[in-house]
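J.: Before I ask anything, here is the structure I am working with.
The values are calculated or read from the model by the stated rules, or taken from the named source; none is laboratory data. On a predicted model such as this, the values are computed, not experimentally measured, just so you know. All Cβ positions, glycine included, derive from the backbone under ideal geometry; neighbour counts span all protein chains shown. Surface areas here come from the heavy atoms of the whole protein model, side chains and all, with no ligands, DNA or RNA. Shrake-Rupley method; radii C 1.70, N 1.55, O 1.52, S 1.80 Å.
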Amino acid sequence: MNKFSTPFQKALAHSIWVLEDSESDQEILKRAFEKANVQNEVIFFSSVKAIKETIDGFDGDLPALMLLDIHLPNESGMDAMKALAKHEKLQSVPSIAFSHTGRSEDVAEMYALGVSSFIKKSLSFEETLDMVKSLKSYWLESVILPVAV
């Protein structure tokens with residue numbers, strides 16, 4: 001039997017993209033993904049420019065899902081979401097926006113741009129670990145993702 005025979009197992013073969021400019025937040029997220037035993041490769045982007053460069057001409061394996069910090073210097077996660085929404089293949093990838101503030105204007109705009117969900121960005125490692133465990137449980141173990149069908 002193939003190692004990735006069910007839709008849930010197939011999703012494990014796809015990376016998770018994370019747009020996060022803060023190196024300390026990236027480290028906390030890395031530790032949380034490891035501690036939560038997330039098997040997917042996690043690829044970090046430190047700027048919207050970096051993710052846009054990856055999107056331009058993208059023809060690789062789709063990520064299983066994307067996490068987008070919406071408050072970044074210069075361009076925002078909203079700008080990244082706009083670029084992703086224009087890409088024929090990447091627009092089907094579930095995108096999760098996150099922010100420390102959760103301002104209603106930000107939430108409304110991100111949903112209008114097509115984000116799949118919006119979560120509050122955690123301030124501590126324990127809260128981040130809980131967030132990652134929830135993401136894993138829902139997005140990687142309960143939902144059948146587009147990359148798996």
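J.: Every residue in segment 23-48 that is in contact with a Leu (Cβ under 9 Å, 6 or more places away or on another chain) and not in a helix (DSSP H, G or I), please.
T.: ALA36, VAL38, GLN39, ASN40, VAL42, PHE44, PHE45, SER46, SER47
J.: Confirm whether VAL18 is in a loop (DSSP other than H, G, I, E, B) and within 15 Å of the chain's Cα centre (by Cα).
T.: It is false that VAL18 is in a loop (DSSP other than H, G, I, E, B) and within 15 Å of the chain's Cα centre (by Cα).
J.: Take PHE33 and tell me if it is modelled with pLDDT under 95, under 16 Å from LYS133 (Cα atoms) and open to solvent by less than 20 Å² (accessible area, probe 1.4 Å). It would help to see each step written out before you state the result.
T.: On the way: modelled with pLDDT under 95: no; under 16 Å from LYS133 (Cα atoms): yes; open to solvent by less than 20 Å² (accessible area, probe 1.4 Å): yes.
No.
J.: Quick test of your reading of the structure: ILE144 fulfils all but one of (1) farther than 24 Å from GLN26 by Cα; (2) touching a helix residue (DSSP H, G or I) at 6+ places or on another chain (Cβ under 8 Å); (3) free of Cβ contacts under 8 Å to residues at least 40 places away in the same chain; (4) hydrophobic (A, V, I, L, M, F, W, C). Name the failing condition by number.
T.: (3)
J.: Just to verify a result, which residue in segment 1-15, among those that are in contact with an Asp or Glu (Cβ under 7 Å, 6 or more places away or on another chain) and of a type outside the set (Gly, Ala, Ser), is modelled with the lowest pLDDT?
T.: PHE8
J.: Looking at segment 59-86, which of its residues are surrounded by 13 or more Cβ atoms within 10 Å (Cβ to Cβ) and assigned to a loop (DSSP other than H, G, I, E, B)?
T.: Taking segment 59-86 as the starting set, the residues that turn out to be surrounded by 13 or more Cβ atoms within 10 Å (Cβ to Cβ) are 62-72, 75-85.
Hits for segment 59-86 are LEU62, PRO63, ALA64, ILE70, HIS71, LEU72, GLU75, SER76.
J.: Also, quick follow-up: Of the residues in segment 87-128, how many are over 17 Å from the mean Cα position of the chain (by Cα) and exposed (fewer than 13 other Cβ atoms within 10 Å of the Cβ)?
T.: Count: 10.
J.: Going by what's in this entry, would SER24 be described as more than 19 Å from LEU145 (Cβ to Cβ) and of a type in the set (S, T, N, Q)?
T.: yes
J.: For segment 129-149: of the residues being small (Gly, Ala, Ser) and either loosely packed, with under 13 Cβ neighbours inside 10 Å or at positive phi (or both), which is modelled with the lowest pLDDT?
T.: Checking each candidate, the answer is SER142.
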